[in-house]
Amino acid sequence: MKLSTKILIALALGVVAGLILNLAVPDAFSTLDKYVLKPVGTLFLNLIKMLVVPIVFFSIVLGTAGLGDPKKLGRVGAKTVGYFLGTTTIAIIIAMALALVFKPGVGDFETEGAKFEQQEAPAVTDTLLNIIPTNPIQAMTEGNMLQIIAFSVFVGFALTMLGSKTKGVMDLIEQGNDIMMYLVNVIMKFAPYGAFALIASAVGSQGMDAIKAMGLYMSVVILALFLHSVVAYGGSIALFAKKSPIWFFKGFAPAMSVAFSTSSSNATLPISMKTAQENLGVRKSISGFVQPLGATINMDGTAIMQGVATIFIAQVYDVNLGITEMLTVILTAVLASIGTAGVPGVGLIMLAMVLNSVGLPVEGIALILGVDRLLDMLRTAVNITGDAACAVIVDKGEDKHLGTREQEVSA
């Protein structure tokens, strides 16, 4: 049985187990969750997270060096950032349009006593200014992805410029990358058990009352995520990469299932890169540059949640948003996605920033907290799918510049 099949079966069993435990034996669930499900899930997450920083460093260095001269790097970088900003804008427009049509916030919602402890979101200017690390080692220990990426690009550029003088260093980095990918293969054998534990814990901890009360809101978010995946990602794969969207989604399914269970773009990065390179035939140099960058700045799923949630909260509090406010939400959410870390739950912090931009009460976030963990899983899967779609499209576009592929996978 393929590993991807095992993971999907584990996810299905986890959902069933979580629902049964929540509905039939809620007291037993808390004990089981504390001593079995959470420890197993956390162990799996920690094993993957252990590899994230070295893999990002090695892959970005190799990707930058593999692209060669600065013109190629600039061309690939421009295509990548352009695709990310474009799809994020499309994502939030789809989300807001669906929320306006289905009106998930129109109804009786208890807003009295709704509290949300707001954490200050980083200013976009601060995020951009802090891209260059003052201490690369500190950036690595803190897991600051934007700074790690920036430093890695500089190192890769230097290796390209110095050529044969640094062949020993280049060989060492290639060997380091090989070691990390071998460890990914080892850790993935544990993936079905980790996926089962994580999904059972998430589903079991969400009360059915909360899910029923927020059913329409959840449905609108899920519909927006689905439409964006099909239209934006599937459409762009067919249009720009000349590939079948079915081939793309089928090939990338293993990484999507892991993202669904972990709710973390960063934690899923080693698996998503491996899947894109092996199943979708993306060059290592393109995958190593595009996907780590995407895991840091491309958050279409999160932008969709922010778009639906903003309209939902405006409807609950009976606040009419005009065209100016709508455009402000779109712009703020797109910029916020650049500064959104690829870790579980951080989208809520950025949502507070979006709500503040149009004067909506941040307390409204408390209304969606009960179901956000489940939606976080879905939007993470969408986030990393966008990164892979971009990698496939950029890779296809570079055929005429980079020559023969390292691997060829036919559609």
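The single condition among (1) modelled with pLDDT of 85 or more; (2) surrounded by 21 or more Cβ atoms within 10 Å (Cβ to Cβ) that Met350 does not meet is (1).
Of the set (1) of a type outside the set (Phe, Trp, Tyr); (2) at pLDDT 80 or above; (3) surrounded by fewer than 17 Cβ atoms within 10 Å (Cβ to Cβ), all apply to Arg379 but (3).
Scanning segment 294-313 finds no residues that are out of contact with any Lys or Arg (no Cβ under 8 Å at 6 or more places or on another chain), at positive phi and not in a helix (DSSP H, G or I). When Gly345 is tested against (1) surrounded by fewer than 24 Cβ atoms within 10 Å (Cβ to Cβ); (2) at pLDDT 90 or above; (3) not β-branched (Val, Ile, Thr), only condition (2) is not met. Summed over segment 222-237, the residues that are more than 18 Å from the chain's Cα centre (by Cα) and crowded, with 16+ Cβ neighbours inside 10 Å give a count of 2.
The number of residues in segment 316-335 that are at pLDDT 85 or above and either among the aromatic types (Phe, Trp, Tyr) or closer than 21 Å to Ile368 by Cα (or both) comes to 9.
The numbered conditions (1) under 24 Å from Gly77 (Cβ atoms); (2) within 18 Å of the chain's Cα centre (by Cα) are all true for Leu198 except (1). In segment 42-64, the residues that are basic (Lys, Arg) form Cβ pairs under 9 Å with partners that are surrounded by fewer than 24 Cβ atoms within 10 Å (Cβ to Cβ), at six or more places apart or across chains, as follows: Lys49/Gly143; Lys49/Asn266. Just one residue in the set Lys274, Lys243, Lys250, Lys212 is part of a loop (DSSP other than H, G, I, E, B), surrounded by fewer than 24 Cβ atoms within 10 Å (Cβ to Cβ) and out of contact with any Pro (no Cβ under 7 Å at 6 or more places or on another chain); that residue is Lys243.
When Leu162 is tested against (1) farther than 15 Å from Val61 by Cα; (2) out of contact with any Leu (no Cβ under 7 Å at 6 or more places or on another chain); (3) not in a loop (DSSP other than H, G, I, E, B); (4) not hydroxyl-bearing (Ser, Thr, Tyr), just one condition goes unmet, and that condition is (1).
Could you list, in sequence order, the residues of segment 16-68 that are among the polar types (S, T, N, Q) and at pLDDT 85 or above? Selection gives Ser30, Thr31, Thr42, Asn46. Within segment 7-21, being surrounded by fewer than 19 Cβ atoms within 10 Å (Cβ to Cβ) and either farther than 14 Å from Ala200 by Cβ or touching a residue at least 12 places away in the same chain (Cβ under 8 Å) (or both) holds for Leu8, Ile9, Leu13, Val15, Leu19.
Give Ser219, Ser201 a once-over and let me know the one that is surrounded by fewer than 24 Cβ atoms within 10 Å (Cβ to Cβ), in a helix (DSSP H, G or I), touching a helix residue (DSSP H, G or I) at 6+ places or on another chain (Cβ under 9 Å) and at negative phi. None of the other options fit; the residue is Ser219.
Using the structure shown, decide if Leu321 is surrounded by fewer than 24 Cβ atoms within 10 Å (Cβ to Cβ), assigned to a loop (DSSP other than H, G, I, E, B) and not acidic (Asp, Glu). Criteria met by Leu321. Suppose the filter is assigned to a helix (DSSP H, G or I), among the β-branched types (Val, Ile, Thr) and modelled with pLDDT of 90 or more; does Ile137 pass it? When the stated conditions are applied, Ile137 passes them.
The values are calculated or read from the model by the stated rules, or taken from the named source; none is laboratory data. Note that this is a predicted model, so its numbers are computed, not measured. Cβ: placed from backbone, ideal geometry, glycine included. Neighbour counts: every protein chain shown.
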